[in-house]
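Participant: Would you mind keeping the following structure in view while I ask a few things?
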Number of protein chains: 2
Amino acid sequence: MTYEAPLFTIPSDGTPCPDHPDDPGLTAVEKWLLDQRDHRRRFGQVFRRAIDEVLDGQRTGRYDLYIKEGLGRVESTEKTYLGTKVEIVTRAEFDLGYGSPMDYVIAGQHVDAKFTVGGNWMIPKEAMHHICLLMRADDRTGAFQVGILRIKPDVLTAGPNGDQKRSVSAAGKTRIRWIVQDGELPDNLLLRLQKTEPETVRDIFRASDDYRGSGNGGQLRVNELFRRVRGRVVDRTTVVTVATQHDGLKRARDARKHLGPEGIIVIGHLKPYPQIAEQLGLPVPEKGSFVSVKLTELDEHSTRRSTVIDGVRYGIWAEGDPTCEAPGIKG
Amino acid sequence: MTYEAPLFTIPSDGTPCPDHPDDPGLTAVEKWLLDQRDHRRRFGQVFRRAIDEVLDGQRTGRYDLYIKEGLGRVESTEKTYLGTKVEIVTRAEFDLGYGSPMDYVIAGQHVDAKFTVGGNWMIPKEAMHHICLLMRADDRTGAFQVGILRIKPDVLTAGPNGDQKRSVSAAGKTRIRWIVQDGELPDNLLLRLQKTEPETVRDIFRASDDYRGSGNGGQLRVNELFRRVRGRVVDRTTVVTVATQHDGLKRARDARKHLGPEGIIVIGHLKPYPQIAEQLGLPVPEKGSFVSVKLTELDEHSTRRSTVIDGVRYGIWAEGDPTCEAPGIKG
């Protein structure tokens with residue numbers, strides 16, 4: 001199929017002349033998006049949320065979008081749906097209107113949403129002459145991009161006759177106006193650990209292997225999570241994915257009594273936890289997130305960072321320190 | 001494509017002989033499912049949750065799975081994905097294992113999940129000789145069914161050559177062993193209202209039409225919801241769909257101060273609300289649900305159902321009663 005090359009004509013749907021050298025319509029969309037408060041962080045959250053909702057870790061234990069076969073696989077129908085979910089979450093996040101025939105109305109322009117977890121976007125022929133909001137997120141590298149592009153024949157790859165969709169050509173990519181070119185996705189902790197220390201993830205999910213029954217298997221896995229992943233923020237999605245059950249956050253709170261005898265506390269967002277985190281130089285978790293740490297009693301002469309709980313001075317346990325029972329903390 | 005008719009042979013994957021007149025494998029799955037505590041209610045919740053998650057009313061304002069075009073439409077990718085979501089939610093709800101190549105392992109049998117919102121199920125040829133868990137939910141009628149069927153050529157429609165999927169034949173349907181044949185889905189309040197009093201739904205969603213801005217538009221719609229839909233449980237999904245914003249439940253709580261001057265109270269789950277609901281003969285809402293009611297002051301001789309708030313006796317307002325300001329209630 002060949003596309004009709006526009007000759008400085010105004011398309012019948014009234015969008016501004018797309019071949020105007022300045023493309024004021026494209027510029028208006030670009031400015032509107034760049035003007036959105038905190039748009040970089042918000043786009044990152046949009047992709048994180050959409051991916052996490054499709055993975056549905058609380059029900060499936062999945063954290064890796066890229067597994068195609070066997071246990072934990074993500075079906076192709078789910079991958080396809082992810083694009084729709086990104087479209088929905090983006091519209092809600094930025095309060096974008098519904099366009100027709102395109103997805104959105106931004107700054108008076110009809111804009112089509114295109115999302116990919118791969119390296120390119122498939123552009124349907126209906127998008128010709130329209131503006132596309134090109135979104136890409138790679139959960140393996142943690143990178144994301146958002147850009148806009150006016151679709152014209154010369155920004156697309158040459159498709160075979162009858163091809164309904166083409167991708168953006170190399171030349172086309174140079175013409176993308178970037179809204180966020182080097183975005184960083186909010187962390188997918190389990191996927192990152194799977195890459196850097198796969199045995200940790202394996203041990204966490206196997207912690208319940210010998211347990212038969214419902215409910216407490218999740219507790220054993222969450223215990224192992226906080227035993228192994230210390231000093232770092234463990235977010236809500238990670239907790240509910242490891243728990244793989246209703247009310248995974250309760251498993252995190254209950255881990256405190258299980259891990260106390262090993263000297264491990266699980267820092268939450270309620271007092272006095274934030275102060276303990278600050279005094280020990282640890283990140284302070286938000287609601288729904290946690291930071292676990294193994295404590296050791298310090299003597300009065302220690303110059304290490306410390307926190308005093310019930311009159312006892314504690315620091316972060318390091319190799320060689322004695323293990324003590326963790327203090328009970330009412331958070 | 002013609003399927004090979006089994007001749008009392010045991011399939012190579014080791015499932016019990018499917019043509020045994022008693023089909024002990026099928027009977028084992030049937031018994032297991034029927035033995036699940038409260039399975040009728042739980043299957044209904046599974047379908048309600050899966051449908052509601054795909055509609056994503058909080059972000060989209062959608063409540064009708066069957067709209068195919070225009071504003072509020074549900075894309076075909078979303079419809080396809082709904083089957084996957086039902087499979088996931090069912091597995092999580094009943095703690096079913098992962099089968100291979102089929103979806104589940106139930107009572108030692110490999111079982112494939114098939115869901116439809118239509119009148120029949122598409123059966124892939126890979127399911128031949130296997131047991132299918134056939135699930136159907138119709139949000140328009142509120143009906144759902146769950147049954148199991150051993151797939152054999154004689155339970156399927158005759159497909160054209162090369163057809164990869166066939167549906168269950170009329171004769172096949174008579175051989176379904178029903179787990180729940182006459183299930184009732186938890187209510188989709190907005191969809192039901194759309195059928196019985198469409199002007200109410202229209203007015204609720206139009207309540208913010210003249211308002212421009214973010215945030216309070218949702219408040220205006222939620223106010224109209226509780227103004228118009230009184231004396232009935234308004235569930236969480238309905239509230240967040242009408243609000244179409246983050247924290248829709250706060251809009252429900254805030255509706256109290258907006259509707260107080262009109263004599264309307266919004267009954268929640270916290271004290272003293274449950275008692276008020278009981279005294280007035282209204283349903284008592286669970287957490288996240290609400291019941292609104294317009295009150296009128298009753299004199300001491302009234303024999304109508306009543307509740308006393310701050311020393312004043314109130315009943316449910318009816319045509320002809322004076323309108324009073326609603327009492328302030330700390331719930």
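Participant: List the relative contact order of segment A:189-316 as a percent without decimals, with contacts defined as Cα pairs under 8 Å and 6+ residues apart.
Facilitator: For segment A:189-316, the relative contact order is 20 percent.
Participant: Per-residue ellipticity at 222 nm for the protein assembly as shown, helices alone: DSSP H runs ≥ 4 residues times -39500 (n - 2.57), over residue total, nearest 500 deg cm²/dmol?
Facilitator: Theoretical 222 nm ellipticity from helices: -10000 deg cm²/dmol.
Participant: Give me the accessible area of A:Asp235, 1.4 Å probe, in Å² rounded to the nearest 10.
Facilitator: 40 Å²
Participant: Further question: Which order do A:Thr200, B:Thr244 take when ranked by solvent-accessible area (1.4 Å probe, heavy atoms of all protein chains), largest first?
Facilitator: B:Thr244, A:Thr200
Participant: Further question: Please report, in cubic angstrom per residue, the volume enclosed by the convex hull of the alpha-carbon atoms of chain A.
Facilitator: With only Cα atoms used, chain A gives 166 Å³ per residue.
Participant: So, one more: Can you figure out the FRET efficiency of B:Arg175 with A:Met122, using R₀ = 41 Å and their beta-carbon distance, to the nearest 0.05?
Facilitator: With R0 = 41 Å, the Cβ-Cβ based efficiency is 0.45.
Participant: Moving on. Run the reach check for B:Lys125 against lysines, Cα to Cα strictly under 25 Å, same-chain hits fewer than 8 apart removed. What comes back?
Facilitator: Correct list for B:Lys125: A:Lys68, A:Lys79, B:Lys79, B:Lys85, B:Lys114, B:Lys152, B:Lys165, B:Lys173.
Participant: Using a simple spin-label model with points 7 Å from Cα along the Cα→Cβ vector, what separation in nm is obtained for A:Glu319 and A:Arg202?
Facilitator: 2.2 nm
Participant: Enumerate the calculated ³J(HN,Hα) couplings along segment B:251-259 in order (Karplus 6.51 cos²θ - 1.76 cosθ + 1.60, θ = phi - 60°), each rounded to whole Hz, writing x wherever the residue is Gly or Pro.
Facilitator: 4, 5, 5, 5, 4, 4, 6, 6, 9
Participant: Can you give me the % of accessible surface on segment A:189-316 that is carbon or sulfur? Probe 1.4 Å, all protein chains present, nothing else counted.
Facilitator: 47 percent
Participant: For the protein assembly as shown, what's the radius of gyration and Dmax over Cα atoms, in angstrom?
Facilitator: 28.8, 85
Participant: Scattering from the C-alpha atoms of segment B:20-114 alone, worked out with Debye: what is log10 I(q)/I(0) at q = 0.10, 0.11, 0.23 1/Å?
Facilitator: Cα-only, vacuum Debye calculation for segment B:20-114: -0.35, -0.42, -1.14.
Participant: Kindly compute the accessible surface that chains B and A hide from a 1.4 Å probe when together, both sides summed, and give it to the nearest 100 Å².
Facilitator: Roughly 1900 Å² of accessible surface disappears when B and A pair.
Participant: Can you work out the base-10 log of I(q)/I(0) for segment A:35-172 at q = 0.09, 0.18, 0.22 1/Å, using the Debye formula on its C-alpha atoms alone?
Facilitator: One equal scatterer on each Cα of segment A:35-172 leads to -0.29, -1.08, -1.40.
Participant: Treating cross-link reach as a plain straight distance, find the lysines whose alpha-carbon is under 28 Å from the alpha-carbon of B:Lys294, omitting any fewer than eight places away in the same chain.
Facilitator: Reachable lysines: B:Lys195, B:Lys250, B:Lys257, B:Lys271, B:Lys330.
Participant: Now a separate question. Give the separation of the Cα centroids, segment A:90-108 to segment B:142-159, in Å.
Facilitator: Centre-to-centre (Cα) distance: 42 Å.
Participant: Further question: For a quick check of understanding: with a 1.4 angstrom probe and all protein chains in place, what accessible area in square angstrom does A:Ser292 have, to the nearest ten?
Facilitator: Around 0 Å² of this residue is reachable by solvent.
Participant: Share of segment A:24-184's accessible area from carbon and sulfur, percent, 1.4 Å?
Facilitator: Carbon and sulfur together cover 49 percent of it.
Participant: List the relative contact order of chain A as a percent without decimals, with contacts defined as Cα pairs under 8 Å and 6+ residues apart.
Facilitator: Computed value for chain A: 13 percent relative contact order.
Participant: Using a Förster distance of 25 Å, how high is the FRET efficiency between B:Val284 and A:Lys287, based on the Cβ-Cβ distance and rounded to 0.05?
Facilitator: For B:Val284 and A:Lys287, the calculated efficiency is 0.25.
Participant: Restricting the count to DSSP beta bridges whose residues both fall in segment A:48-157, what percent are antiparallel, rounded to a multiple of 5?
Facilitator: 70 percent
Participant: Enter the accessible area per residue of chain B (Å², integer; probe 1.4 Å; all protein chains in place).
Facilitator: 48 Å²
Participant: If you rotate chain B onto chain A, whose Cβ in B ends up lying nearest the axis, and how many Å away is it?
Facilitator: Nearest Cβ to that rotation axis, in whole Å: B:Tyr81, 2.
Participant: Which net charge results for the neighbourhood of B:Asp310, defined as the other residues with beta-carbon distances under 14 angstrom from its beta-carbon, given Lys and Arg at +1 and Asp and Glu at -1?
Facilitator: Its environment carries a net charge of 0.
Participant: Mean 1/r over all different Cα pairs, inverted: what Kirkwood radius does segment B:178-331 give, in Å?
Facilitator: 16.3 Å
Participant: Give the accessible area for A:His39 in Å² (nearest 10); use a 1.4 Å probe, count only protein heavy atoms, and leave out ligands, DNA and RNA.
Facilitator: 30 Å²
The values are calculated or read from the model by the stated rules, or taken from the named source; none is laboratory data. Keep in mind that this is a model prediction, so the values were computed, not measured. Neighbour counts run over all protein chains shown; Cβ positions are idealised from the backbone, glycine included. Areas reflect the complete protein model, heavy atoms only, side chains present, ligands, DNA and RNA absent. Shrake-Rupley method; radii C 1.70, N 1.55, O 1.52, S 1.80 Å.
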